[in-house]
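Step one of this worksheet: look at the structure below.
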Amino acid sequence: MDGAHPAPTAPVSTPQVWYGRDMAKQPESWNRRWSAAEIAEIEAAIAGVEARGLDILDIDAAAFPLPTIAPEIERIRQTVLHGPGIFLLRGLPVSQWTVKQAAIAFWGLGAHMGDPCSQNGKGHVLGHVKNLGLDYAAAATRGYQTSARLPYHTDSSDIVGLLCLKTAQSGGLSSVVSSTTIYNEVLKRRPDLMPVLMQPFYRTRWGEIPEGKMPWAEVPVFMPHEGRVISHYVRSAIRKGQDLPGAPQITDLQVEALDLVDSIAADPEVHLDMTFEPGDIQLVCNHGLYHSRTAYEDWPNPEDRRHLLRLWLACTDGPPLPDWMTVAYEGQTATGRPNGIAVPGVPFVAPLEAE
């Protein structure tokens, strides 16, 4: 386990530092639209999978060939892992596809970026972000199962990808923010709180407990490591962790520090807002960005309701990570990357409907 680091005194300057006000003026640096030829190539790969009768779990990069797109996917992947950490790919014709065809396309594109990780205790490697009518206040409820606002947070993988199938009647605006920029802003505004944010916070595992782990995890918010600032932040997990028997209780100073993180993230000069359209794929590096969404109101007809597919991907060439991320928090893949929420004895599944 990594020991405590000396409190930093100066902001860092890495490709992960950016402000939303600047990114909004240069959208070409973080989004692009598929061309007709690229969509045709993706559709040919879908047809190949269908012709072979492959299960989604059996699709790898070789089974989803993208001869002309693959170099561009690699460029985007490097931008997400080692650059600003955000990219938006627009224009997949999902309204013309079945849900299974959209899932095949999303999974196949993901196979060119990394290895899938389980996203919950059910072993879901193809996730569904959809309102299931659950109570977000309940201890075991995850935000993606509700229509509630999701505060800025990270997920448990190198990359999280979202494919929009359908949008809400209103709301559901997506936002991302550089956690490295927040780190710099904390140092500028309240350097006295940085040592607090570099000590572990206790957070619930939502009852999805990897082998040999406690019901809670211990992870700092900010972890400077090998030239980058790695961050992990899920305030709802910290809040719900307080209800676990034996979990250390959060202090007033820790609350003050987390409030500062939230206030910086909420600054419209700092974060970047974006709308989701059907066919959009958003890619985010969890180690340098937080993502969020506003609350939303769904359509009355269940078939029309907001629906996103989700992938958590492990990347062998992701940024070096401190032991907090791969030992204290979750487990590791065979190549030492965060492996999401892997519960012993639970096999991987790729459901085509939200469960």
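The values are calculated or read from the model by the stated rules, or taken from the named source; none is laboratory data. Computed from a predicted model, the values in this text were never measured in an experiment. Here Cβ is always computed from backbone atoms with ideal geometry, including for glycine, and neighbour counts include all displayed protein chains. For the accessible areas, the whole protein counts, side chains as well, though only heavy atoms, and no ligand, DNA or RNA atoms are used. Shrake-Rupley method; radii C 1.70, N 1.55, O 1.52, S 1.80 Å.
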Could you list all residues from region 106-146 that are more than 17 Å from the chain's Cα centre (by Cα) and modelled with pLDDT of 95 or more? G108, H112
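Matching residues to (1) over 30 Å from A105 (Cα atoms); (2) open to solvent by 10 Å² or more (accessible area, probe 1.4 Å):
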site	(1), (2)
E218	yes, yes
S236	yes, yes
G241	yes, no
I250	yes, yes
E269	yes, yes
F276	no, yes
H291	no, yes
Among the residues of region 44-78, count how many are among the β-branched types (V, I, T), open to solvent by 30 Å² or more (accessible area, probe 1.4 Å) and under 21 Å from the mean Cα position of the chain (by Cα). 0
Checking S179 against (1) open to solvent by less than 10 Å² (accessible area, probe 1.4 Å); (2) modelled with pLDDT under 95, only one condition comes out false. Which one? (2)
Count of residues meeting criterion [loosely packed, with under 13 Cβ neighbours inside 10 Å and either at pLDDT 95 or above or part of a helix (DSSP H, G or I) (or both)] in region 8-43: 10
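To keep it simple, each residue is scored yes or no on (1) part of a loop (DSSP other than H, G, I, E, B); (2) of a type in the set (S, T, Y); (3) touching a Pro at 6+ places or on another chain (Cβ under 6 Å).
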position	(1), (2), (3)
S236	no, yes, no
L244	yes, no, yes
I250	yes, no, no
L253	no, no, no
A257	no, no, no
L260	no, no, no
S263	no, yes, no
E269	yes, no, no
D273	no, no, no
Quick check on my filter: what residues within region 79-103 are in a loop (DSSP other than H, G, I, E, B) and either open to solvent by 30 Å² or more (accessible area, probe 1.4 Å) or at negative phi (or both)? G83, P84, L92, P93, W97, T98
